[in-house]
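K.L.:
Right, I'll just put the structure down here and ask away after.
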Amino acid sequence: MTTEALAPLRRSLAGNPVATRKLVVFGCFVVTAVTLVPVVMMVLVAFQSDAESMAARPSFWPSSWHPENLTRAFDLVPLGRYLLNTIIFAAGTTLLETVTAALAAYAFARLNFPGRSWLFGIYLATLMIPSQVTLIPQFVLVAKLHGIDTWPGMILPHAFTALGVFLLRQFFLGIPRDYEEAARLDGANRWQAFTRVIVPLAIPAIATLAVFKFIGQWNNLLWPLVISNSDSTRTAAVGLQVFQDTNGTQWNLLLMAATITTVPLIVLFFLTQRWFVKGITMSGLGGR
């Protein structure tokens, strides 16, 4: 459709804000519905019987519900252990990156030292390097440090990223220096001003970074797949692959396991939704 053909529609919407709002709401509804279709299909197939889920022409709505698939999924593989490992992995990397990113971002935003701009530019340039390129060097380094199939080897390589530093630096630059200078006049040193003034004001941005990091590491498959060799460190993403390799393509049980691993992320989002939205708005990710 050309620009000239859309011109009458734009003029009619510009003079009718109610119609514009209804059109926006309808568009959001359509996008949401399309996004939720795979999730709904996953949950429905998870409660089907073995024969129904493996049929040549499967029906996505179960003819009979089988809640026992939940216990069957836990019996076939140590899914509970995989979920615990995922929590340890995601929480460990999230905590470490939040701390290191906040410290580095404060240095780039507030401290004056030679080569600060050049160093920050080089640091940001690492975002252009695909993670697959650094996978082998990271693996070799962790192997030489005897970190294969260990928690330090799992967590430490993913505890430092330039994206977190960039996000928090932009937020720190938006905090007026008057607050920090007032704390310094009251006798606070640099560390006290950072922990007692800057960090409390940056809680929305820090929460946003933490949610992004936690979700990313919860779904991380490549690094845990390479570095973990036993159930003691396997995460849920790797566990789903092990589930399929061990039990074949039992779609109902596989999708039940996938549903179980998805639930914690949904709960996390609803618990942190207020900080998540506020952090995106205040940090400028919302298009400001």
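The values are calculated or read from the model by the stated rules, or taken from the named source; none is laboratory data. Because the structure is predicted, anything quoted here is derived from the model rather than measured. Heads up, the Cβs are rebuilt from the backbone with ideal geometry, glycines too, and the neighbour counts pull from every protein chain shown. All accessible areas refer to the heavy atoms of the entire protein, side chains included, with ligands and DNA or RNA removed. Shrake-Rupley method; radii C 1.70, N 1.55, O 1.52, S 1.80 Å.
K.L.:
Would you check if L156 is open to solvent by 40 Å² or more (accessible area, probe 1.4 Å), aliphatic (A, V, I, L, M) and under 22 Å from N219 (Cβ atoms)?
P.N.:
yes
Table: residues versus (1) aliphatic (A, V, I, L, M); (2) part of a helix (DSSP H, G or I); (3) under 18 Å from the mean Cα position of the chain (by Cα).
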position	(1), (2), (3)
S59	no, no, no
S64	no, no, no
F113	no, no, no
A125	yes, yes, no
F139	no, yes, no
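K.L.:
Something else: What residue, among those in region 168-185 that are part of a helix (DSSP H, G or I) and of a type in the set (A, V, I, L, M, F, W, C), is nearest to A210 (Cα to Cα)?
P.N.:
L168
K.L.:
Taking the stated definitions as given, is T161 modelled with pLDDT of 90 or more and under 18 Å from N220 (Cβ atoms)?
P.N.:
On the way: modelled with pLDDT of 90 or more: no; under 18 Å from N220 (Cβ atoms): yes.
When the stated conditions are applied, T161 does not pass them.
K.L.:
On to the next question. Residue under question is L163, and the condition is that it be crowded, with 20+ Cβ neighbours inside 10 Å and under 16 Å from the mean Cα position of the chain (by Cα); does it hold?
P.N.:
No.
K.L.:
Only one of these conditions is not met by A188: (1) in a helix (DSSP H, G or I); (2) surrounded by 12 or more Cβ atoms within 10 Å (Cβ to Cβ); (3) free of Cβ contacts under 8 Å to residues at least 40 places away in the same chain. Which number is it?
P.N.:
If we test A188 against (1) in a helix (DSSP H, G or I); (2) surrounded by 12 or more Cβ atoms within 10 Å (Cβ to Cβ); (3) free of Cβ contacts under 8 Å to residues at least 40 places away in the same chain, just (1) comes out false.
K.L.:
Return only the number of the condition from (1) at pLDDT below 85; (2) over 20 Å from the mean Cα position of the chain (by Cα) that V197 does not satisfy.
P.N.:
Answer for V197: the failing condition is (1).
K.L.:
Tally up the residues in region 139-148 that are in contact (Cβ under 8 Å) with a residue 40 or more places away in the chain and open to solvent by 40 Å² or more (accessible area, probe 1.4 Å), please.
P.N.:
Number of matching residues: 2.
K.L.:
Here's a follow-up. Search region 200-223 for residues being of a type outside the set (A, V, I, L, M, F, W, C) and under 30 Å from G239 (Cα atoms), and hand back the single one that is modelled with the lowest pLDDT.
P.N.:
Within region 200-223, the match that is modelled with the lowest pLDDT is T208.
K.L.:
Those residues that are loosely packed, with under 13 Cβ neighbours inside 10 Å and part of a helix (DSSP H, G or I), I need them from region 66-84; list them, please.
P.N.:
Answer for region 66-84, where residues must be loosely packed, with under 13 Cβ neighbours inside 10 Å and part of a helix (DSSP H, G or I): T71, D75, G80.
K.L.:
Same structure, new question: Test each condition in (1) open to solvent by 80 Å² or more (accessible area, probe 1.4 Å); (2) in a helix (DSSP H, G or I); (3) among the hydrophobic types (A, V, I, L, M, F, W, C) for A90 and report the one that comes out false.
P.N.:
Just one mismatch for A90, condition (1).
K.L.:
If you go through region 202-241 one residue at a time, how many are surrounded by fewer than 17 Cβ atoms within 10 Å (Cβ to Cβ) and over 14 Å from L265 (Cβ atoms)?
P.N.:
Residues in region 202-241 being surrounded by fewer than 17 Cβ atoms within 10 Å (Cβ to Cβ) and over 14 Å from L265 (Cβ atoms): 10 in total.
K.L.:
While we're here: Can you pull out the residues in region 141-160 that are part of a loop (DSSP other than H, G, I, E, B) and farther than 22 Å from F171 by Cα?
P.N.:
Those that are part of a loop (DSSP other than H, G, I, E, B) and farther than 22 Å from F171 by Cα: L145, H146, G147, I148, D149, T150.
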